[in-house]
1. Given the conditions (1) at the interface with chain B (Cβ under 7 Å from one of its Cβ atoms); (2) free of Cβ contacts under 8 Å to residues at least 60 places away in the same chain; (3) aliphatic (A, V, I, L, M), report the number of the one that A:A184 does not fulfil.
2. Among (1) more than 9 Å from chain B (Cβ to nearest Cβ); (2) closer than 24 Å to A:V187 by Cα; (3) under 12 Å from the mean Cα position of the chain (by Cα), there is one condition A:A141 misses while meeting the rest; what is its number?
3. Answer yes or no as to whether A:A149 is of a type in the set (G, A, S) and over 20 Å from B:A101 (Cβ atoms).
4. Could you check how many residues of region A:150-181 are more than 9 Å from chain B (Cβ to nearest Cβ) and either on the phi > 0 side of the Ramachandran plot or polar (S, T, N, Q) (or both)?
5. Condition check: away from chain B (no Cβ under 14 Å) and surrounded by 22 or more Cβ atoms within 10 Å (Cβ to Cβ). Does A:A115 satisfy that?
6. Yes or no: B:L96 more than 14 Å from chain A (Cβ to nearest Cβ) and at pLDDT 95 or above?
7. State yes or no: is B:E129 of a type outside the set (S, T, Y) and buried (at least 22 other Cβ atoms within 10 Å of the Cβ)?
8. I need the full set of residues from region A:100-112 which are buried (at least 18 other Cβ atoms within 10 Å of the Cβ) and without any contact (Cβ under 8 Å) to a residue 60 or more places away in the chain, in order please.
Amino acid sequence: MSSEDLASASRRGLLRATGAAAVAGAAGLIAACGSTSHSSSQTTVAAPGNADADALNHALDLKHYMIAAYTAATPYLGGRAHAAGKKFLAEELSHASALISLIQKAGGTPNPPQASYQLGHPRSRKAILRLLDSAEDKMIATFIDTVPAVTLPSARTTLASIVANDAQHVSVLRLSLHEEPIPAPFVTGRE
Amino acid sequence: MRLAPSTRRELLWHGLAIAAGSASGAIAAPGVARADSTTTTGATGTTTTGESVAQSDAEVLLPVVGTEMLGAFVYQQVLDAGVFTPHIQRATETILNQEQAHITKLSAELVRLGGTPPTPFSKVSDADEVLIAHHFPGGLGPLRNQHDCIILLARIEWLLEGAHLKAISKLQTPRLLELSTQVVANEAQHGTVLSELLHPGDVDKAVPGPFVRGTG
């Protein structure tokens, strides 16, 4: 990024375009990581009564958003934040892959990513970092709610392990924003 | 809540033995229910491994509180050693304050479940005994320099992560599952901050991988 304050119109266009491309690319990667391929004609609704799969699919939806956000935002970050963005994108893809496996194990069908995501209109590096921080927080809050909602102990542990990694992302993003990296003793996604 | 030293020691020892899991099987106390225990049954001597003995939430929380107390004690010892620069000292004090908040909250939950929290560590020799059982070479040992102290604290964070993740696989109460998840996320953040103190700007070290696993 050559400027901290880009023209909003071009940025909006770029983010939308890149976001859509990112989702398409991420979907391919996720499908490649999973044990089965997914076509657009497949149902996106888990079997009735399969509460675990439903809860995990809700978590997966947020992961898809996060993947789109990192894919779209990372090229506009420089230096350390750029390296972090690339790394965190890879980690989000790993999380999505793990969730897909858990959903399939629970007898559900993983939700595919949306064709595009509204990522807002960040006009500066700082605004992009805030967008990522905010999206991570929202995801953490949802995942914490999801942990008790799933019955399989190993799925709970995997979700908690993902929450902990996402909390690390938040700390690094906050360091990049020159903010307190550990603002509270209990990570809720709402601090 | 004060216990006689032998009782406190026994409780803590048992609790931490469970938290250590099979890696520290040598210190696992007999007679303590373990959900992942290996049992031999019947005249055939068939050995089964699995979740055959369910632990209560209080039993699951006990070693977690014990491990948090160990962590807080180690942080205090390191801070008292006076090897840190003012910047690192402040960051470490923030983490210790958060560990103490974990202890307060988790102990309250344990009491609510009818359990009794162990009393905090007061002797280095007690902490050393547990640390060495958890494969911390030399225990608290000589806290000579900043680097070694931060490494020790990072390892403590991994131990705490492992204790919480293990608990999350066993806890039943939704509120406790959420609480333990909130805490393990905070412990992971501590690890990231400690790594930043040691290797500023190195994101690969600050966030080692996509899944926080902990140790123990």
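1. Among (1) at the interface with chain B (Cβ under 7 Å from one of its Cβ atoms); (2) free of Cβ contacts under 8 Å to residues at least 60 places away in the same chain; (3) aliphatic (A, V, I, L, M), A:A184 violates only (1).
2. Status for A:A141: all satisfied but (3).
3. Yes.
4. Residues in region A:150-181 being more than 9 Å from chain B (Cβ to nearest Cβ) and either on the phi > 0 side of the Ramachandran plot or polar (S, T, N, Q) (or both): 3 in total.
5. no
6. Details: more than 14 Å from chain A (Cβ to nearest Cβ): no; at pLDDT 95 or above: yes.
No, not satisfied.
7. On the way: of a type outside the set (S, T, Y): yes; buried (at least 22 other Cβ atoms within 10 Å of the Cβ): no.
Against the criterion (of a type outside the set (S, T, Y) and buried (at least 22 other Cβ atoms within 10 Å of the Cβ)), B:E129 does not qualify.
8. The answer is A:L102, A:I103.
The values are calculated or read from the model by the stated rules, or taken from the named source; none is laboratory data. It should be emphasised that the depicted structure is a prediction, and the values quoted were computed from it without experimental measurement. In this analysis, Cβ positions are derived from the backbone assuming ideal geometry, glycine residues included, and neighbour counts consider all displayed protein chains.
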